[in-house]
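Please read the structure below before turning to the comments.
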Amino acid sequence: MSTTVERVSHRAAEAIPGPTGARRLGYRRRERVYQWLFLLPAAAYLVLFFGYPVVKNVLMSFQDYSTSTFYTGEAPWVGFANYASVLSSSLFSTSLINTALFTAGSIAGQFVLGLGLAVFFKQRFPLNGILRSLLLLPWLLPLIVSSAVWRWILDKDSGALNNFLESLGLISTGIPWLTSTSLALAAVVGVNIWIGIPFNVTVLYGGLQDIPDELYEAAALDGATGWRAFRHVTWPMLRPVVSVVLVLGVVYTLKVLDIILGLTNGGPANSTQTIATQSYALSFQDFKFGEGAAMGNVLVLISLVFAVLYLRVNRRAVDE
Amino acid sequence: MKSAFVSTKAAALAVTALAGIPLVLSGCGASPAPGGGAVSEITVVDYYNNEPDKSVIGNTLEACGSQSGVSIKRETIPGKSLIAKVLQQASSKTLPDVLMLDNPDLQQIAGTGALAPLSDFKISTDGYPEGILSAGTYKDKVYGLAPTVNTIALFYNKDVLAQAGVTPPKTWEELKSAAAKLTSGDQYGLAFNANATYEGTWQFLPFMWSNGGDEKNIDTSETAEALQLWTDLVDSGSVSSSALNWTQADVNDQFVAGKAAMMVNGPWQIPVLEKQASLQYGVVNIPVKDASKTAVGPLGGEVWTVPQTGNKDKQAKAAEIVACMNSDENQLAMAKARNTIPSKTAVAEQFAAENPKLASFADLVKDARARTGQLGEDWPAQATKIYTAIQTALTDKATPADALKQAQEG
């Protein structure tokens with residue numbers, strides 16, 4: 001297909017100094033038609049698989065969409081009733097706060113550790129490549145597997161983590177990582193950080209590769225090495241990549257569902273319930289699809305803020 | 001010029017093909033059922049996708065099919081995806097001829113109008129206990145019948161109890177003191193599952209129900225007493241607080257590993273327990289508050305239904321399959337192979353005599369209560385409230401009474 005594009009544009013380019021204006025116009029129009037034709041599959045794909053679900057979800061949130069709707073096709077309009085019941089539920093504020101803590105905690109941890117590792121791996125040392133590929137491991141594991149394994153590791157009585165801490169003599173009784181209302185969220189954030197590190201390292205490492213060595217040499221001549229080199233060379237040069245990583249990370253993290261479901265299912269006592277898990281529970285456990293959709297749309301709205309931010313940041317990054 | 005034209009055609013073709021996808025998809029769904037006359041094939045959907053259940057149920061279905069002169073086209077879907085699949089099939093009018101449902105989901109699906117009442121096909125409902133029929137009933141009509149059922153009871157490690165000089169507890173006081181005595185070192189006295197799913201609710205029901213608690217309103221002193229018992233057991237350290245995150249399979253692992261002397265669990269764990277040569281276990285009713293109370297178990301098991309597919313001939317054949325699955329012989333054979341209990345009272349009695357290990361379950365199942373018996377379609381929402389209250393109380397965020405009150409008020 002790509003060869004066709006070249007040929008078509010090539011022909012059009014040839015046609016420009018053509019003999020008559022009418023012919024030139026004809027070519028131009030045809031070229032425009034071709035352009036649209038090539039856009040069509042992508043546009044159709046977007047409308048089908050992104051546009052339709054989003055519109056459907058918005059409509060659903062204004063309907064009394066229950067299990068019977070699937071059989072009868074009837075879903076009466078209820079206005080803002082779904083939003084009202086979702087937003088007035090005592091669980092909403094808990095979920096909102098948890099979502100904010102989960103997202104902020106995960107992003108902070110993933111980014112700081114990811115950046116640290118990226119800078120570390122920029123140095124040349126033996127086994128660098130192998131270690132770097134090992135770091136990708138969390139990314140390769142299906143999330144449901146990671147959460148099952150972490151559930152064992154974090155078990156209070158027989159979990160590997162508590163056994164390890166006990167053998168070091170740091171604790172005498174097991175810490176209830178996943179079953180204490182004050183620790184569960186932190187534990188879940190910890191696991192999510194582990195999962196998010198590869199993404200951060202990969203992108204930030206790529207950004208670091210783009211910084212020319214000459215800059216460091218010049219900085220070294222001026223006496224800036226180590227921390228000062230990082231502050232005055234690495235960080236400013238890396239900033240465009242950093243903003244992209246952060247904004248993408250936020251959007252990814254807001255919608256995290258499988259890890260929380262696999263680790264705690266939103267418990268104990270809703271202490272790890274987020275808007276995403278709450279939306280899932282409403283739709284697929286309580287079968288209140290309308291309310292689930294309303295909750296989902298709240299999340300979409302929040303993500304949208306960051307998506308707009310991403311587009312702006314991205315444009316600036318490209319411009320730079 | 002030529003090459004450009006050819007590729008335009010190709011592109012146009014690609015576009016039409018893409019745009020055509022939905023048409024093709026809906027075309028599949030709308031294919032008309034073969035009209036009238038002999039029915040040669042019956043489609044079946046169930047969630048028995050693990051052995052030995054997969055083969056046991058599959059073979060029984062095959063046998064029933066050949067008895068009715070039809071071939072069986074069976075699809076097994078993992079339990080968690082079944083309802084989503086059924087709803088999709090309902091909206092695209094592609095429901096199978098015979099559908100298996102977990103009993104607490106039956107009323108939800110029957111409420112949509114997707115199922116046919118079994119009385120339409122003159123399927124007998126005689127000989128089933130009240131609880132089992134009510135699990136398959138929606139608005140006074142029976143829509144589903146379970147060939148075999150189950151419930152939960154108290155498993156105990158015979159050797160550990162004998163060593164500690166403890167007899168299997170019958171009352172809550174006995175349970176508390178037994179669990180305390182059996183707790184030492186790495187070993188907890190008791191294990192149950194209090195996780196944030198319907199499984200957690202299901203494990204709590206026998207305690208709540210046998211004390212007179214009721215799911216319609218959980219803000220009562222009877223239910224609070226039951227929850228107080230669980231809270232005491234966890235607070236005193238007789239039950240690990242990990243129970244808040246365990247599944248029933250995890251609970252079984254703890255019991256098998258010798259980390260719990262007793263556990264609340266169901267007969268489906270028996271195959272795993274039987275594999276442990278050194279493990280001697282017994283099964284008794286879940287303890288009740290005092291001798292004046294009777295043990296009430298929650299009813300588990302799957303019902304077979306006939307969806308409204310619009311093809312009367314096929315529905316009639318499907319009903320024959322459902323009736324055949326529920327015949328006395330098949331109930332007995334499937335119960336034996338799957339460590340579950342035949343649902344008909346008379347068959348269950350015969351079964352208990354032949355399989356003493358399952359006798360206490362057979363006894364419990366007679367009076368077992370269906371989760372949806374009272375609330376029907378409203379059960380999922382209330383079940384969520386129950387496990388939320390359990391978790392709130394067990395993590396000491398509120399007293400049992402307050403936790404139940406908060407949960408009931410939403």
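The values are calculated or read from the model by the stated rules, or taken from the named source; none is laboratory data. Just so we're clear, the structure is a prediction, and the values are computed from it rather than from any experiment. Note: ideal-geometry Cβ built from the backbone for every residue, glycine included; neighbour counts use all protein chains shown.
Residues that are more than 9 Å from every other protein chain (Cβ to nearest Cβ) and under 18 Å from residue B:306 (Cα atoms) within segment B:77-91 comprise B:77, B:82, B:85, listed in sequence order.
Output the residues belonging to segment A:115-141 that are touching a residue at least 40 places away in the same chain (Cβ under 8 Å) and either loosely packed, with under 13 Cβ neighbours inside 10 Å or within 12 Å of residue A:197 (Cα to Cα) (or both). Passing the criteria: A:115, A:117, A:118, A:132, A:135, A:136, A:137, A:138, A:139. Please determine whether any residue of segment A:244-264 is assigned to a loop (DSSP other than H, G, I, E, B) and within 10 Å of chain B (Cβ to nearest Cβ). Yes, segment A:244-264 contains a residue that is assigned to a loop (DSSP other than H, G, I, E, B) and within 10 Å of chain B (Cβ to nearest Cβ). Just one residue in the set A:248, A:238 is out of contact with any strand residue (DSSP E or B) (no Cβ under 9 Å at 6 or more places or on another chain), closer than 22 Å to residue A:304 by Cα, buried (at least 18 other Cβ atoms within 10 Å of the Cβ) and of a type outside the set (S, T, N, Q); that residue is A:248.
Consider segment B:227-245 and keep the residues that are small (Gly, Ala, Ser) and without any contact (Cβ under 8 Å) to a residue 60 or more places away in the chain. The one that is surrounded by the fewest Cβ atoms within 10 Å (Cβ to Cβ) is B:237. Filtering segment B:369-410 to residues that are under 20 Å from the mean Cα position of the chain (by Cα), farther than 21 Å from residue A:280 by Cβ and not in a loop (DSSP other than H, G, I, E, B) leaves B:369, B:376.
For segment B:117-151, the set of residues classified as farther than 23 Å from residue B:339 by Cβ, in contact with a Pro (Cβ under 7 Å, 6 or more places away or on another chain) and either without any contact (Cβ under 8 Å) to a residue 60 or more places away in the chain or in a strand (DSSP E or B) (or both) consists of B:141, B:142, listed by residue number. Beta carbons closer than 6 Å, at least 6 apart along the sequence or on distinct chains, never pair a first residue in segment B:153-164 that is on the phi > 0 side of the Ramachandran plot with a second that is among the small types (Gly, Ala, Ser) and outside any helix (DSSP H, G or I).
Taken together, the residues in segment A:36-65 that are outside any helix (DSSP H, G or I) and of a type in the set (S, T, N, Q) amount to 2. Restricting B:392, B:340, B:388 to those that are under 14 Å from residue B:299 (Cα atoms) and in contact (Cβ under 8 Å) with a residue 12 or more places away in the chain reduces the list to B:340.
Screening A:85, A:95, A:89 for residues that are surrounded by 12 or more Cβ atoms within 10 Å (Cβ to Cβ) and without any contact (Cβ under 8 Å) to a residue 60 or more places away in the chain leaves exactly one candidate, A:89.
Regarding residue B:399, is this residue buried (at least 20 other Cβ atoms within 10 Å of the Cβ) and within 14 Å of chain A (Cβ to nearest Cβ)? Full working, then the answer.
Numbers: buried (at least 20 other Cβ atoms within 10 Å of the Cβ): no; within 14 Å of chain A (Cβ to nearest Cβ): yes.
Criteria not met by residue B:399.
The residues of segment B:57-78 that are more than 23 Å from the chain's Cα centre (by Cα) and assigned to a helix (DSSP H, G or I), listed by number, are B:62, B:63, B:64, B:65, B:66, B:67, B:68. When segment B:238-253 is filtered for residues that are in contact with a strand residue (DSSP E or B) (Cβ under 8 Å, 6 or more places away or on another chain) and over 10 Å from residue B:192 (Cα atoms), only B:238 remains.
Kindly indicate whether any position in segment B:58-67 is more than 14 Å from chain A (Cβ to nearest Cβ), small (Gly, Ala, Ser), crowded, with 22+ Cβ neighbours inside 10 Å and farther than 20 Å from residue B:340 by Cα. Yes - at least one qualifying residue is present in segment B:58-67. Looking at segment A:64-82 only, could you name the residues that are more than 14 Å from chain B (Cβ to nearest Cβ) and surrounded by 20 or more Cβ atoms within 10 Å (Cβ to Cβ)? Hit for segment A:64-82 is A:82, nothing else.
When A:290, A:262, A:249, A:266 are screened for being touching a residue at least 60 places away in the same chain (Cβ under 8 Å), within 29 Å of residue A:69 (Cα to Cα) and in contact with a helix residue (DSSP H, G or I) (Cβ under 7 Å, 6 or more places away or on another chain), only A:290 passes.
Only residues that are crowded, with 19+ Cβ neighbours inside 10 Å and within 15 Å of residue B:57 (Cβ to Cβ) were counted across segment B:307-329, and they come to 5. Per the conditions (1) part of a helix (DSSP H, G or I); (2) surrounded by fewer than 22 Cβ atoms within 10 Å (Cβ to Cβ); (3) not polar (S, T, N, Q), the sole criterion not satisfied by residue A:286 is (1).
In segment B:92-108, the residue that is nearest to the other protein chains (Cβ to nearest Cβ) out of those that are in a helix (DSSP H, G or I) and in contact with a strand residue (DSSP E or B) (Cβ under 6 Å, 6 or more places away or on another chain) is B:107.
Quick one: would you say residue A:277 is β-branched (Val, Ile, Thr), surrounded by 23 or more Cβ atoms within 10 Å (Cβ to Cβ) and under 20 Å from the mean Cα position of the chain (by Cα)? Break it down into steps so the answer makes sense when it comes.
Details: β-branched (Val, Ile, Thr): yes; surrounded by 23 or more Cβ atoms within 10 Å (Cβ to Cβ): yes; under 20 Å from the mean Cα position of the chain (by Cα): yes.
Considered against the rule, which asks whether it is β-branched (Val, Ile, Thr), surrounded by 23 or more Cβ atoms within 10 Å (Cβ to Cβ) and under 20 Å from the mean Cα position of the chain (by Cα), residue A:277 comes out as yes.
Residue B:188: within 13 Å of chain A (Cβ to nearest Cβ), over 17 Å from the mean Cα position of the chain (by Cα) and part of a strand (DSSP E or B), yes or no? Criteria met by residue B:188.
Of B:393, B:368, all but one fail to be under 19 Å from residue B:200 (Cβ atoms) and at the interface with another protein chain (Cβ under 10 Å from one of its Cβ atoms); the exception is B:393. Scanning segment A:42-77 for residues that are among the small types (Gly, Ala, Ser) and over 26 Å from residue A:303 (Cβ atoms) gives A:66, A:68, A:73. Name the single residue that is nearest to residue B:151 (Cα to Cα) among those in segment B:162-185 being among the polar types (S, T, N, Q) and more than 13 Å from every other protein chain (Cβ to nearest Cβ). Among those that are among the polar types (S, T, N, Q) and more than 13 Å from every other protein chain (Cβ to nearest Cβ), it is B:171.
Scanning segment B:156-172 turns up no residue that is under 22 Å from residue B:372 (Cα atoms) and crowded, with 23+ Cβ neighbours inside 10 Å.
When each of A:269, A:218, A:294 is tested for being modelled with pLDDT of 90 or more, crowded, with 24+ Cβ neighbours inside 10 Å and on the phi < 0 side of the Ramachandran plot, the lone residue that passes is A:294. Of all residues in segment A:138-191, those satisfying the criterion of being within 20 Å of residue A:104 (Cα to Cα), within 11 Å of another protein chain (Cβ to nearest Cβ) and not small (Gly, Ala, Ser) are A:177, A:178, A:181, A:183. Taken as a whole, the condition of being without any contact (Cβ under 8 Å) to a residue 12 or more places away in the chain, away from chain A (no Cβ under 14 Å) and part of a helix (DSSP H, G or I) applies to residue B:329.
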